[in-house]
1. How large is ³J(HN,Hα), in whole Hz, for each residue of region A:128-140 in order, when computed from phi with the Karplus curve 6.51 cos²θ - 1.76 cosθ + 1.60 and θ = phi - 60°, using x for Gly and Pro?
2. If amide hydrogens are placed 1.01 Å from N in the peptide plane, which non-local residues have theirs closer than 5 Å to the one on A:MET99?
3. Consider a paramagnetic label point 7 Å from the Cα of B:ILE322 along Cα→Cβ; state which residues of region B:452-477 have an amide N under 17 Å from it.
4. Taking the Cβ of B:ALA368 as the centre, find all other residues whose Cβ is under 13 Å away and add up their charges (Lys, Arg: +1; Asp, Glu: -1).
5. Given 20 °C and 1.002 mPa s, how large is the Stokes-Einstein diffusion coefficient of region B:349-420 in µm²/s, with Rh as the Kirkwood radius over Cα pairs?
6. Which parts of region A:80-117, residue by residue, lose 30 Å² or more of accessible area when the rest of the protein chains are there, as against the chain isolated (1.4 Å probe)?
7. What is the distance in Å between the Cα centroid of region A:48-103 and that of region B:259-281?
8. Just to be sure I follow the definition: excluding the sites themselves, where is the longest run in chain B that has none of the chymotrypsin sites (Phe, Trp or Tyr not before Pro) in a DSSP loop with at most 13 other Cβ atoms within 10 Å?
Amino acid sequence: MTTGASEPLLALSNVNTFYGQAQVHFDLSITVGRGHIVCLLGGNASGKSTTMKIILGLVKPRSGDVTFDGASLLGLTTPQIVRRGIASVPEARRLFADMSVRENILMGAFVRNDRDAVAQDLDKMLTLFPKLGQRLSQRAGSLSGGEQQMVAMARALMSRPRMIVMDEPTMGLSPLYVDRVLELIRTINQEGVSVFMVEQNASLALEIAHEAYVLQTGKIVLSGPARALRDDPRIRDAYLGGSEAA
Amino acid sequence: MSSWLDYTINGLIVGNVYALVAVGLALIFGVSRLINFAQGSIYLVGAYIGWVAVVQLHTPLPLTIIVVAVAAAIVGLIIERFGLRPLQNSVRIAPLLATIGISFVLDQLVMLTFSPNPRALPSQLPDVRFQVGGGTIGPLDLLIAGVGLTSALLLFVFLRYSKLGWAVRATAQDRDAAMQMGVDVNHVNQAVFGIAAALGGVSGLLVGMYYNQIDTAMSLQATLKGVVAEVVGGAGNVPGAVIGSLLLGLVESYGVAVFGTSYRNLFAFLLLVIVLVLRPNGLFASARQAPPEPLTGTFIAPSRPVRIPRWALLVTAGVFAILPFFPVSFYVLQTLINAWLLGMLALSLTLVAGTVGQVSLGHAALLAIGAYTSALLSLTLSVPVGLAIIAGGLMSAALGTLLISPSFRLRGHYVSIATLAIGEIVSLVILNWESVTRGPIGISGIPPLSLFGYDLVSPTSIYWFSFVVLVVLALLQGRLLGSHLGRSFRAIRDDDIAARAYGLGLNRYKSLAFIFGGFAAGVSGGIAAHLYSYINHETFNTQQSILALTVVILGGLGNVVGAIVGAVALVGLPEVFRIAAEYRILIYGIVLLLLVRFRPQGLLGTI
Ligand SMILES: Nc1ncnc2c1ncn2[C@@H]1O[C@H](COP(=O)(O)OP(=O)(O)OP(=O)(O)O)[C@@H](O)[C@H]1O
Ligand SMILES: [Mg+2]
């Protein structure tokens, strides 16, 4: 395993994915640099969530490769991939609704065995997400959408990941919470965690991302540094084109 | 037994025993959305291991319980590892069918090892009873209550405080999300199967001691009772399963007190059907919960059916039609007559289960309705046999559809449970409705087959008669499948939500399928009644329902020719290889398992 600093942390190369007969990805290639925030934009049904599932091993591509830190993830199961250091904030949060907030956050540390350090990290989460402090013993399913998003992020951080993948973290949140979430993503990233996020809201995502890709019906139609894409007139067209195709 | 207190104690004790089975079912359903039909077989295995320990090894009671728990857990782990794990990526029906196959295999192995005769299982406890209020309680009651409470406590501690317990709960709530936390779902499955099996095995031991008798019929009963309790409590809900079990125990105990022993099971199944229809998520489910079964499309293995040229079908049919002109033995004709009768049942089931996707586990009830109708009409009202058989078919069509119609809104595994329960209800009504059905005595002296006044008693004439009926039914069904109606049926099976969105009235189509299927099965039952000349409430039992299902899967779900090929194969091959009768069910179970694992689309492919 070579870990040159210039080598990307995560790389999808020429990935083709199918659900039965239907092809969802066409020669998809994406890289996430170490310490970067990379954003995948695209309209409904363009294949964004499927990209997340490919990274996490929940769906396997028919061809192509996915490497993390230079090693292929294709032969690994989801739990094995998680143990390599990838945590996730799934689409629509997917908390364990009938477990308490504390249990949800601690589930994030499932792969760890260092009890004391886990307890310390829980305290750290409560300083990062102060609102969760009073909610610890509440059923996760009874929280508001924004609070659930906080729990999902805390849960993902608990595994001390090297990379977090997030599927539409701002979906369904009020503007206040959206800002808060973006802020947190930046904070997390500054602590050294690489971030790969899927978003529909291009302008928001491009504010915090280093690089971005635009996905349209399973093909990358545009990619580059976020700053450049922000000013690119095509981003609007490509992005809207993706929505129409859905 | 005298006072109400006694009945209450009895109800709670029996409920406790059910709870040990039901909790295991709930754990398994929770993490893998599977109704484990092999749970009762593990309970049976537990009872017999207990018998070996107590009677042959003379183990003391605490050791007996430990031996049974460990041995049963090992069986559970083996089932999970070799029976179910290979099916993880198969169609959704596969694990359900696999547990049915496994249960057949286990039950038969126990029967072959220990013989079907009941055995006494002494409890090793002093036979005294203490006065409590107006009733009495014995040491065994206390033991059962103690085991129940201890298990509940251990389970609670496990789920609440152990890492694996957390993984079990997380997986039950959201499997994908749990995997994304690094939970290895295989470990979780192993854990729940091991625990469920240990509890189930101990339950079998305790029941054996409670009634001081064990026999191989315990298995299916235990599965059924456990499923009832679990569904009443809410599938996958562990505390719900405990409460459902106690409730079931009490309902049965009071029911027996008022109506008598032969009604015991009727209450269980009525309770099940009522709960399924009114609250399919169980008594304690909150409204928030969606039914835990998002089922579309993937329930039946998709495949390209084998194309058989028309001339080949004609030639084959022709050969069978003229077969009696050749010097074949009566034995061969007899075997084929059985195959034709099973073929009619399979046609019915392949339509309902394959084409419309309602996997029925109670199809033998349709045979029973047809058989009783035809037998009683010809016997008591002297209706000509030919007409009586048709009336039997019509009665099966009408009554079967009526009975199943409240369950039309159920999907997937729930349909299977509902049909299983309805099948049991039919058999219990036949047992208890003595004034009409003659109850446990059964109906004897049923007139032989006849047509237009001519008795059909020679094997040749019976052969032709049943063959022609089968061919006519098959042609009708083939027509049906090619029509617009057939396409609508398949649309419902593949995606009932989309079908509804296109404006198909699901209930109407499901009714039509059950009417047609009910008729074919009823005719088969009617003919059988006149062939056997004696029938009772056990003539058409769950084993036949499962045999029919195996036939249908062997042939390819929905496949008309496949249903007949499957029937000939499953009836004929054991004869060809001269397999002794007691091994046949075992073979059927193994065939089912192999099919599910290696060829879920059957021989000729699903349609
Ligand atoms: N399990 C599945 N089986 C079959 N098809 C699927 C499955 N999951 C997704 N698809 C299809 O694959 C395509 C891409 O889905 P995906 O969820 O990746 O889109 P998305 O970009 O995340 O959309 P959205 O913005 O709505 O979340 C869609 O057409 C979807 O219907
Ligand atoms: Mg998505």
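The values are calculated or read from the model by the stated rules, or taken from the named source; none is laboratory data. Bear in mind the structure is a predicted one, so any value in this text is a computation, not a measurement. Glycine gets a Cβ as well: all are built from the backbone with ideal geometry, and neighbour counts include every protein chain shown. Remember, those area values only see protein heavy atoms, side chains included, never the ligands or the DNA or RNA. Shrake-Rupley method; radii C 1.70, N 1.55, O 1.52, S 1.80 Å.
1. 6, 10, x, 4, 6, x, 7, 9, 3, 9, 7, 4, 4
2. A:ALA140, A:GLY141
3. B:464
4. -2
5. Numbers: Rh = 12.9 Å.
Value of D from the Cα-based Kirkwood radius: 166 µm²/s.
6. Checking the loss per residue gives A:VAL82, A:SER88, A:ARG94, A:PHE96, A:ASP98, A:MET99, A:GLU103, A:MET107, A:PHE110.
7. The two parts, judged by their Cα centres, are 44 Å apart.
8. Result, exposed sites excluded: B:1-432.
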